[in-house]
Amino acid sequence: MKRYLVLMTAGVLLGVIPLLSTDESRASNTITTSAFFVAPNGSDSWSGRKPAPNAKRTDGPFATLATACAAARKMGTKQPRKVIIQSGQYFLNKTLVLTDKDAGLTIEAAAGAKVYLYGGRKVTGWKKDGGKLYSAALPNVKQRKWDFRALVVNGRFCRRARLPEEGFFTHQSTFNVPWMTSTGGGWKRKPTNEELTSLKYRPDDLSGWLDINNAELTVYHMWDESLVGVSAMDEKSHTLTFANPSGHPPGAFGVKKYVVWNIREGMTKPGQWYLDRTAGKVVYRPLPGEDIADSPVFAPTIESIIQIKGTRNKPAGNITIRGLALSVTTTPLMAGGFGAGRFDGAVSIVSGRNCRLLDLEIFNVGGQGVKVSGSNLRIERCHVHHTGACGIKFSGAGSVVTNNYIHHVGLTYPSAIGLQGGGKDNEISHNEIHDTPYTAINWGGERNRIENNLIYRAMLELHDGGGIYCFAGRGLVLRGNFIRDIPDTGGYGSSAYYLDERSENCIVERNLSLRVGRPTHNHMAKNNTIRNNVFICDEDARFTFPRSSDFVFERNIVYAKGKIVFDNTNALSAFKNNILYSTEGKVQGNKMSRYSRTGSEQLQPDDNLFADPLLVEFEKGRVSFAVRSPAVKLGIEPIDVSDAGPRP
């Protein structure tokens, strides 16, 4: 792991945030007439012009970020202003909203400071609650005025009470309507309200002990899920009625899995919790040796900590957030949709222009880590981890998302994506992403460059996605990426590089795929080029092109310890100068009609070479060939993706 990431990981363990660069630190230390300060020992009745209280304690820094930003706003936008925050913990009970009136504002940590902004409050007053459980009474929970889906204990995003303890329940609902693809309009018949709000359960799984006031269900689909509450339970028909509609009907795509959360019966393991709305309390089961009375416990009260909010006519511009740590947010009870995209970010930008998010750590949040839209935005050197939904969700133009470290996302919503976005002319480069239940990078739009990213352990739970999954992308470039260790958990499968519906004129080149059974999947895509990549598989290697056409597949190396299979060879308008090496000696081509195989044949080495490429090194991303490798004669260049991921 590169030095940058080692420092970031150490920062998490020590409870600090990434250090600022020398120039940025020097700027933070400079006291100017346009600087306001915030500190835990400050007062909102002071001027905020001094970094520390004076000797008589008649003046000094502000106590709250909101007051400092309001003071900076009064100065107008004709000069740059700064809000500099001293080390400490700050609790926000209301989202800080910045607009076009805050143009030119920078909010940053003081040099070397450890600044934590929490979108919640501390939970105290713990008492024994039977057996190994403890509880704390909370106001407004019975009335659902305070309702949350995340709890942070001792810096840990805690797992909610769950039934079954492992695996899934199987429901008995069916929905046999054909899916016509996203381009084709979705379901052939629109689901009824009853189909979207009911589920038939097996009587051996649930019964009258279920507290429907507390229970929430994750209903699994193919590439996403729906989190729903329960409003009624009919024990005669074994039917649950949802408090909010699911995104797809239970049973759609033939998937019949569901999980029940937030009930006392699911408190089977240490470290779990649930919100008892019936009794108005939060209940927790401590880890071995954990003293809950002496542990920092935070419950979220808001969905977003900082919002930069512009409009189409008045974008919020030239605002910078730097060097802060943000934690503890929640989400409303609703189905998140594809990629859990409906939820807000701990930091969000709407219609922003020339805004920057730099050196942030965003962790233990219920929704997205970052959610932004706009133009000429920059998200750089941020560490986003342990999120309920996506790591970073982006939409815009002419922007850069680079050198970020994203991992352990989708802890509540498994359809969450590490880095999701679209728009035009954006650069997505040198990010490291791992441990995602669904896709690591999902991108569309036009002329976007996805380069030098390091991805591993994605697709751990859901299906029909990949390391890099592109939908309706035009002129995208996927270059120099290193994707490894993506499992196939069933369903519609997993891929390393995936061009989906309406992806056209894209280039996939000089990438490495290691231990991914389906290195590239291409569906309803056309006029794309896959060249000079290296695909190494421990078992079979599958290359799939259903309902696709006019693909160029050339100068690639495929090394498989099993057989090599190409589905829908008719999609390949150019298929030459590749090295296809199967240790079993099997290179198979399949004819297809839509999604069904209509014929199969052993491919012949007409324009390709079936020989050992004599790879010398590849595990760390630097692919090299032996002197006598046939790759040289075919014009296949060695690739080096060892610098994929954040640069030091």
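The values are calculated or read from the model by the stated rules, or taken from the named source; none is laboratory data. Quick caveat, the model's predicted, so the values are computed rather than measured. Methodologically, a virtual Cβ is constructed for each residue, glycine included, from the backbone with ideal geometry; neighbour enumeration extends over all protein chains shown.
Looking only at the stretch 202-221, which residues are among the hydrophobic types (A, V, I, L, M, F, W, C) and within 22 Å of the chain's Cα centre (by Cα)?
217, 219
Residue 599 is checked against (1) at pLDDT below 95; (2) buried (at least 17 other Cβ atoms within 10 Å of the Cβ) and fails just one. What number does that condition carry?
(2)
Between a residue in the stretch 248-261 that is without any contact (Cβ under 8 Å) to a residue 60 or more places away in the chain and any residue that is surrounded by 20 or more Cβ atoms within 10 Å (Cβ to Cβ), which pairs come within a Cβ distance under 6 Å, given they are 6 or more apart or on different chains?
Note: no pairs meet the criteria.
Go through the stretch 135-156 and give me each residue that's crowded, with 18+ Cβ neighbours inside 10 Å and over 15 Å from residue 269 (Cβ atoms).
135, 136, 138, 141, 146, 148, 149, 150, 152
Among the residues of the stretch 182-225, which ones are among the small types (Gly, Ala, Ser) and touching a residue at least 40 places away in the same chain (Cβ under 8 Å)?
Scanning the stretch 182-225 gives 182, 198, 215.
Restricting to the stretch 288-336, give me the number of residues that are among the β-branched types (Val, Ile, Thr) and either part of a loop (DSSP other than H, G, I, E, B) or free of Cβ contacts under 8 Å to residues at least 60 places away in the same chain (or both).
9
Tell me, which residue of the stretch 320-342 that is touching a Lys or Arg at 6+ places or on another chain (Cβ under 8 Å) and over 21 Å from residue 88 (Cβ atoms) is surrounded by the fewest Cβ atoms within 10 Å (Cβ to Cβ)?
Top of the filtered list is 333.
Run down 500, 464 and say which single residue is surrounded by 24 or more Cβ atoms within 10 Å (Cβ to Cβ), out of contact with any Lys or Arg (no Cβ under 9 Å at 6 or more places or on another chain) and of a type in the set (D, E, K, R).
So the residue among 500, 464 that is surrounded by 24 or more Cβ atoms within 10 Å (Cβ to Cβ), out of contact with any Lys or Arg (no Cβ under 9 Å at 6 or more places or on another chain) and of a type in the set (D, E, K, R) is 500.
Residues that are in contact (Cβ under 8 Å) with a residue 12 or more places away in the chain and more than 24 Å from residue 302 (Cα to Cα): which strands (runs of 3 or more DSSP E) entirely in the stretch 352-457 hold 3 or more of them?
Answer list for the stretch 352-457: 400-402, 427-429, 432-434, 441-446, 449-451, 454-456.
Criterion first (at pLDDT 95 or above and touching a helix residue (DSSP H, G or I) at 6+ places or on another chain (Cβ under 9 Å)) does residue 198 satisfy it?
Criteria not met by residue 198.
Here's the yes/no breakdown for (1) more than 16 Å from residue 297 (Cβ to Cβ); (2) not in a strand (DSSP E or B):
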position	(1), (2)
90	yes, no
106	yes, no
113	yes, yes
124	no, yes
141	no, yes
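Quick one: which of 57, 49, 73 is surrounded by fewer than 22 Cβ atoms within 10 Å (Cβ to Cβ), touching a helix residue (DSSP H, G or I) at 6+ places or on another chain (Cβ under 6 Å) and not in a strand (DSSP E or B)?
73 is the lone residue from the list that is surrounded by fewer than 22 Cβ atoms within 10 Å (Cβ to Cβ), touching a helix residue (DSSP H, G or I) at 6+ places or on another chain (Cβ under 6 Å) and not in a strand (DSSP E or B).
Got a sec? Which of 361, 380 is modelled with pLDDT of 95 or more, more than 30 Å from residue 229 (Cα to Cα) and out of contact with any Gly (no Cβ under 8 Å at 6 or more places or on another chain)?
Being modelled with pLDDT of 95 or more, more than 30 Å from residue 229 (Cα to Cα) and out of contact with any Gly (no Cβ under 8 Å at 6 or more places or on another chain) holds for just one of 361, 380, which is 380.
Got a sec? Which of 237, 231 is of a type in the set (Ser, Thr, Tyr), in a strand (DSSP E or B) and surrounded by fewer than 16 Cβ atoms within 10 Å (Cβ to Cβ)?
231
Just checking, which of 643, 612, 607 is assigned to a loop (DSSP other than H, G, I, E, B), more than 14 Å from residue 532 (Cα to Cα) and under 35 Å from the mean Cα position of the chain (by Cα)?
After ruling out the rest, the residue left standing is 643.
Looking at residue 594 and the list (1) over 18 Å from residue 495 (Cβ atoms); (2) of a type outside the set (Phe, Trp, Tyr); (3) surrounded by 12 or more Cβ atoms within 10 Å (Cβ to Cβ); (4) modelled with pLDDT under 95, which single condition is not satisfied?
For residue 594, the failing item is (3).
Need pairs with beta-carbon distance below 7 Å; first residue charged (D, E, K, R) and within the stretch 149-168, second assigned to a strand (DSSP E or B) and at pLDDT 95 or above; sequence gap 6+ or separate chains.
159/272; 160/261; 160/272; 160/273; 160/274; 162/259; 162/261
What residue, among those in the stretch 524-535 that are surrounded by 24 or more Cβ atoms within 10 Å (Cβ to Cβ) and of a type in the set (S, T, N, Q), is farthest from residue 180 (Cα to Cα)?
By that ranking, first place goes to 533.
Among the residues of the stretch 248-272, write down those that are hydrophobic (A, V, I, L, M, F, W, C) and under 20 Å from residue 214 (Cα atoms).
259, 260, 261, 263, 267
With respect to the numbered conditions (1) among the hydroxyl-bearing types (Ser, Thr, Tyr); (2) surrounded by 19 or more Cβ atoms within 10 Å (Cβ to Cβ); (3) within 26 Å of residue 640 (Cα to Cα), which one is the sole condition not fulfilled by residue 583?
(2)
When only residues in the stretch 497-524 that are of a type in the set (Val, Ile, Thr) and under 22 Å from the mean Cα position of the chain (by Cα) count, which is farthest from residue 477 (Cα to Cα)?
516
Which one is nearest to residue 181 (Cα to Cα) among residues in the stretch 469-523 that are assigned to a strand (DSSP E or B) and basic (Lys, Arg)?
474
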